[in-house]
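Derivation of every value follows stated rules applied to the coordinates shown; laboratory data play no part. The shown structure was predicted, so the numbers you read here are calculated from the model rather than taken from an experiment. Virtual Cβ from ideal backbone geometry, glycine too; neighbours counted across all protein chains shown.
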Amino acid sequence: MNNPARDFNGHSYYVVTESEKPESYDDAKNDSEGYVRFHDDGTTSGFLASGDWKIKDRKMYIHFDAEEETGSESEDDDYVDLSAKTKINGHVAFPEKDSSGEISEWWVQAK
C-alpha cells in the first residue's frame, strides 16, 4: 500500500520559495528559506517554524504555529501536492500549490 506519510515521517525538507523547480539538489539547498522536519506524531520543527501537518486526499496541509489557526483545511489553503512527487538529483521533491493550483514553492527532501 502506498503510504504518502512515509516520505515525510522523520525527514527534513528544504523549502524553496520559487515556482520554478530547482535544477539541482545544491540549488534547492542553497536557495531555500530553511528547512522543516516532519515528526510521525503529526508535528513539525525546524529552522522555519513549528506546527502541525496532516495528509488528506493526496494533499498535505501544514499549519504553522505562527499562522492564524482556522481550525480546518479549506480549498483556500496552500497544500503540498503529493500526487506530483518528483525527484531532484535522486532526492524526493514536491510542489506546494495555492488554491488555484499554481505552484508557489518546492519542498525538497534533505540528505
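Hey, what did the chain get for relative contact order, percent, Cα under 8 Å, at least 6 apart?
Relative contact order, the chain: 27 percent.
Quick check on the chain: helices-only [θ] at 222 nm, where DSSP H runs of length 4 and up contribute -39,500 (n - 2.57) each and the sum goes over total residues. Nearest 500, please.
-1500 deg cm²/dmol
Extending each Cα 7 Å along its Cβ direction at residue 11 and residue 99, get the distance between those two points in nm, one decimal.
2.9
Considering amide H positions built from the backbone, and no H for Pro or chain starts, which residues 5 or more places from residue 18, or on another chain, come under 5 Å of its amide H?
Under 5 Å from the amide H of residue 18 lie the amide H atoms of 106, each far enough along the sequence or on another chain.
Ranked from highest to lowest mean number of other Cβ atoms within 10 Å per residue, what is the order of the peptides 96-103, 53-60?
Going by the mean number of other Cβ atoms within 10 Å, highest first, we get 53-60, 96-103.
Give the long-range amide H neighbours of residue 11: residues separated by 5 or more places, or on another chain, with amide H under 5 Å away, using H modelled in the peptide plane at 1.01 Å from N.
38
Tell me the label-point distance for the pair residue 78, residue 45, using the 7 Å Cα-to-Cβ offset, in nm and rounded to one decimal.
2.4
Pairs 54/111; 56/97; 21/87; 59/111; 29/59; 21/56: which exceed 21 Å Cα-Cα? Intermediate values should be presented prior to the final figure.
Working: 54/111 23 Å; 56/97 15 Å; 21/87 10 Å; 59/111 23 Å; 29/59 23 Å; 21/56 24 Å.
The pairs that break the limit, which is 21 Å between Cα atoms, are 54/111; 59/111; 29/59; 21/56.
From the phi of every residue in region 52-63, what ³J(HN,Hα) in whole Hz does the Karplus formula 6.51 cos²θ - 1.76 cosθ + 1.60 yield, where θ is phi - 60° and glycine or proline is x?
10, 9, 8, 9, 8, 6, 6, 10, 10, 9, 10, 10
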